[in-house]
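Below is one structure, written out as structure tokens; comments come after it.
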Amino acid sequence: MTTNPHIRADRLNVYYGREQALKNISIGIPANRITAIIGPSGCGKSTLLKSFNRLLETNEQVTISGSVSVDGENIYGQGVEVTAVRKKMGLLSQRPYPLPMSIYDNVAFGPRLYGIKKKQALDELVERHLKQSSLWQEVHHRLNDPASSLSIGQQQRLCLARGLAVEPEIILGDEPTSALDPASSQRIEQRFLELKNDYTIIIVTHILRQARRLADYIIFLYMGEVIEAGPAREIFEHPKEKMTREYINGTIS
Amino acid sequence: MNKRILEETVMRTLMKLSTLLILSVLVIILITILVKGLPALDLAMITQSPKGGFYLGKEGGILNAIIGSLYLAGGSTLIAVCLGLPIVLYLNIFARPCSRLVRFIRFSLDVLWGIPSIVYGAFGFTLMLFLGLRASLLGGIIAVTFLILPIMCRTMDEVIRMVPRELLHASYALGATRFETAFTVVVRQALPGIMTAVLLSLGRGIGDAASVLFTAGFTDHIPDSLLRPAATLPLVIFFQLSTPFPEVQNRAYASALVLTVIILAICLTSRALTGRYTKHTIK
Amino acid sequence: MNRLRTVRDTIASRGMALITVASGGVLFLIILGLFLKSRPILASGSFFGLMASSNWHPLKGEFGFLPFIAGTLWTTGTALIIAVPPCILTAIYLSEYASKRMRQAAAPFIDLLAGLPSVIYGIWGVLAVVPLIKNHIAPACGVSSSGYSILAGGIVLAIMIVPVIIHVIHEVLRTIPVELREASLALGASKWQTVRQVVLRKALPGVIAAVVLGLSRAFGETMAVLMVAGNVARVPGSIFDPAYPLPALIANNYGEMLSVPLYDSALMLASLVLLIIVVIFNIFSRLILKTVERRVC
């Protein structure tokens, strides 16, 4: 583990109503690496991810205890502005959800919130981030078309561009390729590998091969508990826990 | 075995007949209004205000009532949107989902929807006495706003609660506040439904008579101020029909035709619009 | 910048909460307003005395509501008897038997039926229903009638409540799981047997709620009834008699009410009674529908 984790969860417990979804999670997420959260479905992967940008609390009846620190500051602390926390992180969800507006406005949505109004500055931002997510070539001639007219794969890249446009430090991906065709998935993965120099990337995935391809660091979650966490190579080649080994070998799923 | 098949056939026929009956009643009503109204309809009816003795069969038209109804329904629809949209957005975006408040407000809006318009009229009247208002366009607008607010809210509510949670999350994840999410993302996504709600309310406002009976008053002039009385189409029809003169009664039929055409136009627009404004909608 | 946005969000949230809570108070406001206005008449005689008396002589200060209550009950009852059977049959047909195309074709008709203003129904009643009763139905029954009668009011009201009842029953039938129907069909029941013994039985509370909603709609409907029911302040004896339902009373006398003492108060009391009855009906059926639809909120 790196000495100075970008995100650090400390004794994090999450309950949906009475049901405990995350049990006493204490982990660190290294900066400028791709971290993959793996584990069988329903083990709390998405919950953990959403606890990082405080999207959990928009759900009903969620109780959270413990702390999550980003850059050393507890995001669940008193007087923390939730929008400032979320601005630090871009989110890619399982299915792309473009906002109900044009391609251009999708990317410009975040910057506009933060007060950028000048057309020229916005144009420049939109172009840069669409290029960064390798969508520019396909859409530069129809930026005013509705975002819903794009293919699913393009929509996901648009969502990536939209997230990058608020200039986050961290990118969260909640099984970001699960709705995409193989070619589109590959493009997203490619982007992640390029982006990790500048961003801390955390993805949730249930595809082990994807974790192998991308991840530098692995967190294995089972029934709401961290079974094992560490550098990807160690986890895949020399897992310490029996359960990790069984999961990686496909005995449990 | 035979009895079962017989029963099935009989019931099926009965069902088809009653469906046919109900659908044909609408057609019969429309045809009756058209046949009776068309001969009495002329250009003067819809381009002139009543001249002296209009209700005795002299010259004039019902332009004052057409404009009055549009002002009245337009004004109250506008107010109802300005009140209803925040209510619905609050219920769906700001308030804790399924909280007691949310459930109570939905329920109370449902109950308010069921209250007869004459009661809104009577209440509007007491409210006007309290405020020291006379029967006027403003009074009518207040009463009709009360009448259409629940319709507006519940119709929009049904659409806005269909907005996927993930779409809200996408907006929150960009650092948008609930306010920004509500008024940019949610409103755009639900735009077709909001338009339907507005048109539905507008149609209700134009067509309702009982709520404006006490509150809007009646006049032969096109209202030029909120504090002046305003004539409305339904009341013009009612008053014309109440006169003993056949030629004035004929005008009532023509006015009814005008009202029906307006309502039909609103209904059709609303149907046509459901397909539109979905350009940006995310499925 | 960020601070400003959060502040704006907080202010908006508070403001919207205020409007929302206020909208929840409207019902109480209406009841209170009408109650305050009807206090003078309630002070002049007991509530049940007023409701049970049939002496309606405003100029003499006698306000007996019985003729109007009876008129409302008669017209509403007639409307229900006419409307309910075809409504149930049509709703079943549209949701269980009809093809999707048929359903989609019928929807605008029902919508439009719901959207037509009551004055239009009234004028149609005057043009078509009243003469029909006067010239054909009443003579066939061996009575003479002007046509302006309970029957005319009932027929017009019946048509007006059709969309409400069909719509609600349709919604209720939609909540019944397909598996239930399949289970019955798999046991060899015919379609109608399935509908009658499984679907309708399960949907019965919802159907009752739909009828009650229709009933409360008919109760408060004003202009159309006012135009065709005849408006004679006497307790009616048959469906060919004229009637003077409560809403018609309120609507017809707003002009004179301020010049006769207690008259306005009496009309406000009538509105209050109407309101309370309708609200009770509505609460009743909405509660049933809530449990039927089993929506979380």
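Normalising by the residue count of segment C:51-293, find the relative contact order in percent from Cα pairs under 8 Å and 6+ residues apart.
Working: 358 pairs, mean separation 69.5, N = 243.
Dividing the mean separation by the residue count of segment C:51-293 yields 29 percent.
Once you charge only the Cβ atoms, +1 for Lys and Arg and -1 for Asp and Glu, what is the size of the charge dipole of the protein assembly as shown about its Cα centre, to the nearest 20 debye? Let's see the in-between values first.
On the way: 78 positive and 53 negative charges, 172 e Å.
Dipole about the Cα centre, nearest 20: 820 debye.
Please state the Cα pair-distance histogram of segment A:193-253 with 5 angstrom bins from zero: what percent is in each bin?
Taking all Cα pairs of segment A:193-253, the binned fractions are 4, 17, 30, 27, 13, 6, 3, 0 percent.
Lys and Arg at +1, Asp and Glu at -1: add these up for the other residues within a Cβ distance under 14 Å of residue C:105 and post the number.
Computed value for this residue: +4.
Most mobile of B:178, B:165, B:204 per a Gaussian network model of chain B (Cα springs, under 10 Å)?
B:165
Can you pull out the buried accessible area for chains A and B, both sides counted, probe 1.4 Å, rounded to the nearest 100 Å²?
2300
If you take the beta carbon distance between residue C:35 and residue A:127 as r and set R0 to 60 Å, what does 1/(1 + (r/R0)^6) give as a FRET efficiency, to the nearest 0.05?
After rounding to 0.05, the efficiency reads 0.35.
If you project the alpha carbons of segment C:131-215 onto the principal axes, what extent comes out on each, in Å, largest first?
55, 26, 15
For the protein assembly as shown, what class follows from the C-alpha gyration tensor (a ≥ b ≥ c being the square roots of its eigenvalues): rounded when a/c is under 1.5, otherwise prolate if a/b is larger than b/c, else oblate?
prolate
Could you list which residues have their amide H under 5 Å from that of residue A:227, counting only those 5 or more apart in sequence or on another chain, with H placed in the peptide plane?
Answer set, sorted by chain and number: A:220, A:221, A:222.
Just to be sure I understand the interface: list residues from segment A:82-119 that lose 40 Å² or more of accessible area between the chain on its own and the complete protein assembly, 1.4 Å probe.
A:83, A:86, A:97, A:99, A:100, A:101, A:109, A:113, A:114
Which percentage, to the nearest 5, of the DSSP beta bridges contained in the protein assembly as shown is antiparallel?
About 60 percent, rounded to the nearest 5.
Considering only C:22, C:210, C:243, give the residue with the highest GNM mean-square fluctuation for chain C, with springs between Cα atoms whenever their separation is below 10 Å.
Its mean-square fluctuation being the largest, the pick is C:22.
Label residue A:249 and residue C:178 with points 7 Å out from Cα along Cα→Cβ: what is the distance between them in nm?
4.3
With labels modelled as points extended 7 Å from the Cα through the Cβ direction, what inter-label distance (nm, one decimal) is found for residue A:74 paired with residue C:132?
7.6
Could you sort A:218-229, A:92-103, C:181-192 so that the peptide with the highest average Cβ count within 10 Å comes first and the rest follow in order?
Ranked by mean Cβ neighbours within 10 Å, highest first: A:92-103, A:218-229, C:181-192.
State, to one decimal in nm², a quarter of the convex hull surface area for the C-alpha atoms of chain A, i.e. the direction-averaged projected area.
The orientation-averaged projected area of the Cα hull of chain A comes to 13.7 nm².
If you bin the C-alpha pair distances of segment C:69-213 every 10 Å from 0, what whole percents do you get?
11, 33, 29, 18, 8, 1
Does chain B come out rounded, prolate or oblate by the C-alpha gyration tensor, with a ≥ b ≥ c the root eigenvalues, rounded set by a/c under 1.5 and, if not, prolate when a/b is larger than b/c and oblate if not?
Working: a/c = 2.08, a/b = 1.26, b/c = 1.65.
Oblate, since a/c reaches 1.5 and b/c is not below a/b.
Just the number: Rg to Rh for segment C:236-276, Cα atoms, Kirkwood Rh, two decimals.
My calculation puts Rg/Rh at 1.07.
What total accessible area, in Å², is buried where chains B and C meet, using a 1.4 Å probe and rounding to the nearest 100?
Details: alone 16360 and 16580 Å², together 25450 Å².
Answer for the B-C pair: about 7500 Å² buried.
Please state the charge dipole magnitude for chain B, taken about the Cα centre, from unit charges on C-beta atoms (+1 on K and R, -1 on D and E), reported in debye and rounded to the nearest 20.
On the way: 24 positive and 13 negative charges, 185 e Å.
Charge dipole of chain B: 880 debye, to the nearest 20.
Once Lys and Arg get +1 and Asp and Glu get -1 on their Cβ, which of C:17, C:61, C:29 lies farthest toward the positive end of the dipole of chain C?
Farthest towards the positive pole: C:17.
Could you let me know the centre-to-centre spacing of segment A:19-98 and segment B:26-99, using Cα atoms, in angstrom?
53
Out of all Cα-Cα pairs in chain C, roughly what percent, to the nearest whole number, are more than 31 Å apart?
Of all Cα-Cα distances in chain C, 44 percent exceed 31 Å.
Which whole number gives the average count of other chain Cβ atoms within 10 Å of the Cβ atoms across peptide B:103-111?
6
Taking Cβ-Cβ under 4.7 Å as the only way to count a partner, pick out the unpartnered cysteines of chain B.
B:82, B:153, B:267
Picking from B:114, B:142, B:248, whose Cα lies most toward the positive end of the charge dipole for segment B:47-278 (charges on Cβ: Lys, Arg +1; Asp, Glu -1)?
B:114
Rounded to the nearest 5, what is the percent of antiparallel bridges among the DSSP beta bridges in chain A?
Working: 24 of 41 bridges.
Counting DSSP beta bridges with both partners in chain A, the antiparallel share is about 60 percent.
Evaluate E = 1/(1 + (r/R0)^6) for residue A:11 and residue B:7, where r is the Cβ-Cβ distance and R0 equals 56 Å; express this FRET efficiency to the nearest 0.05.
For R0 = 56 Å, the calculated efficiency reads 0.25.
Suppose each label sits 7 Å from its Cα in the direction of the beta carbon; what would the residue A:114-residue C:234 distance come out to in nanometres?
Label-label distance for residue A:114 and residue C:234, simple model: 8.3 nm.
Using only alpha carbon pairs under 8 Å that are at least six residues apart, calculate the relative contact order of chain A and give it in whole percent.
With pairs under 8 Å counted, the relative contact order is 28 percent.
Hey, got the average number of other protein chain Cβ atoms within 10 angstrom for residues in A:160-171?
Counting other chains' Cβ atoms within 10 Å and averaging over A:160-171 gives 1.
Before anything else, pin down the relative contact order of chain B: Cα pairs under 8 Å, at least 6 apart, normalised by residue count, whole percent.
About 27 percent, as a whole number.
For the pair residue A:197 and residue A:26, what calculated FRET efficiency results from E = 1/(1 + (r/R0)^6), where r is the Cβ-Cβ distance and R0 = 30 Å, to the nearest 0.05?
The pair residue A:26/residue A:197 has a calculated efficiency of 0.60.
For peptide C:276-289, compute the average count of partner chain beta-carbon atoms within 10 Å of each residue's beta-carbon.
What the average comes to for C:276-289 is 3.
Using a 1.4 Å probe over the heavy atoms of the protein chains, calculate the carbon and sulfur portion of the accessible area of chain C as a whole percent.
The value for chain C is 66 percent carbon and sulfur by accessible area.
Among B:50, B:152, B:76, whose Cα projects farthest towards the positive end of the dipole of the protein assembly as shown, with charges put on the beta-carbon of Lys, Arg (+1) and Asp, Glu (-1)?
Of the options given, the answer is B:152.
Taking the highest mean first, how do the peptides B:70-80, C:69-79 order by number of other beta carbon atoms within 10 angstrom per residue?
C:69-79, B:70-80
The values are calculated or read from the model by the stated rules, or taken from the named source; none is laboratory data. As the structure is a computational prediction, the values presented were derived from the model and not from experiment. Neighbour counts are summed over all protein chains in view; Cβ atoms, including those assigned to glycine, are modelled from backbone coordinates with ideal geometry. Calculation scope for accessible area: heavy atoms of the full protein, side chains included, ligands and nucleic acids excluded. Shrake-Rupley method; radii C 1.70, N 1.55, O 1.52, S 1.80 Å.
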